[in-house]
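To start, the structure itself, in structure tokens.
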Amino acid sequence: MGIIDVADLKKYFPVKRKAFAKHEWLKAVDDINFSIKDGAVFALVGESGSGKSTVARLVLKLIQPTSGKIVFRGKNIGELKGDSLREFRKSVQIIFQDPFSSLNPRMTVLDTISEPLKIHKVVKRSELKDKVVSLLRSVGLQTDVLNRYPHEFSGGQKQRICIARALAVSPEVIVADEPLSALDVSIQAQILNILQELKRQSSISFLFISHELRVVQYFSDEVAVMYLGKIIEYSKVDELFSNPLHPYTIELLSSAPKIKSDGRKREILKGDVPSPIDIPPGCPFHPRCPKRFEPCDKEVPLLKDIQRRLVSCHLF
């Protein structure tokens, strides 16, 4: 049992390709299971369209699952109401992908960070400013920013403000949905160092969603690889990066840019990700897989325990 346990989670969206056509189902998340441990970082990786951000929205209870459940501290979040839902909202916070659009342009930094403190009645009104100053300093910002507006800041500074806002209510879990992708590379390192320091100093757990594989390797404890709504490999980070098993994981790691060559031939994933409305029969990766063989286009592989990890592939 972790702080958050996800069991048999599905999210299907009804879609119509033509005005009078029947509804079809877009399988954004298709029967996944994982656990986020106390004080640990659990990462979800995969190409765009694999379902990572939908998982984030489900965990935050921003959308309802088609089936399955998400359990936080032993409670099914789908059943939370009133005060218990309010407490969940306080305990699970998010750092958005785009700091430019996640801050209200009409609110000062002081107003932005003090708002969750007021909503959840974390501190007395007389102590609000001191608490905001303390939060800003924890992310490397000084008091001279208190009365400034979002348009006056760089992307990195805005993301620091977003992190301070997420920390304001002392959450137990932070969902970080591609928190570095909208930033310059030099700024990414600064924000990652802040998150790493938070991880080191506190017991906050993270659901970390990213396509930056080297960042995941540096920051995370466990990782699940998603493809077309399914988890196809689930492992401790060190084991996955040193010895990937699933052909998709191998191709994904091989295609990641490297500063220094390790002598291995760099592979580029061929073809496009199929539509989540028309998922191929059998293994969803088989049309692009360099190692496919007879059963791959007929049978869906089970997620099996192989070498102390979970892998969904007919090769094992």
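The values are calculated or read from the model by the stated rules, or taken from the named source; none is laboratory data. Computed from a prediction, not measured in an experiment: that's the story for all the values here. Counting neighbours? That spans all protein chains shown, and the Cβs are built from the backbone with ideal geometry, glycine included.
Filtering S170, S203 for residues that are in contact with a Gly (Cβ under 9 Å, 6 or more places away or on another chain) and either assigned to a helix (DSSP H, G or I) or under 28 Å from K129 (Cβ atoms) (or both) leaves a single hit, S203. Does V109 satisfy the condition of being loosely packed, with under 15 Cβ neighbours inside 10 Å, more than 20 Å from I232 (Cα to Cα) and touching a Leu at 6+ places or on another chain (Cβ under 6 Å)? It is false that V109 is loosely packed, with under 15 Cβ neighbours inside 10 Å, more than 20 Å from I232 (Cα to Cα) and touching a Leu at 6+ places or on another chain (Cβ under 6 Å).
When region 107-141 is filtered for residues that are among the polar types (S, T, N, Q) and within 29 Å of the chain's Cα centre (by Cα), the ones remaining, listed by number, are T108, T112, S114, S134, S138. Just wondering, is there one or more residues in region 206-221 that are assigned to a helix (DSSP H, G or I), among the basic types (K, R) and without any contact (Cβ under 8 Å) to a residue 24 or more places away in the chain? The answer is no, given that none of the residues of region 206-221 is assigned to a helix (DSSP H, G or I), among the basic types (K, R) and without any contact (Cβ under 8 Å) to a residue 24 or more places away in the chain.
Got a sec? Which of A19, A40 is touching a strand residue (DSSP E or B) at 6+ places or on another chain (Cβ under 9 Å), among the aliphatic types (A, V, I, L, M) and surrounded by fewer than 19 Cβ atoms within 10 Å (Cβ to Cβ)? Going through A19, A40 in turn, the sole match is A40.
The C-beta contact set for region 193-205 (first residue under 16 Å from G156 (Cα atoms), second residue in a helix (DSSP H, G or I) and of a type in the set (A, V, I, L, M), distance under 9 angstrom, 6+ apart or interchain) comprises I194/I163; L195/I163.
When we screen F100, F88, F20 for residues that are in a helix (DSSP H, G or I), of a type in the set (F, W, Y) and more than 27 Å from D238 (Cβ to Cβ), the only hit is F88.
Yes/no per residue for (1) in contact with a Phe, Trp or Tyr (Cβ under 8 Å, 6 or more places away or on another chain); (2) at pLDDT below 95:
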{"position": "E233", "(1), (2)": "yes, no"}
{"position": "I259", "(1), (2)": "no, yes"}
{"position": "V300", "(1), (2)": "no, yes"}
{"position": "L303", "(1), (2)": "yes, yes"}
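Picking from residues in region 135-193 that are acidic (D, E) and at pLDDT 90 or above, the one that is surrounded by the most Cβ atoms within 10 Å (Cβ to Cβ) is D177.
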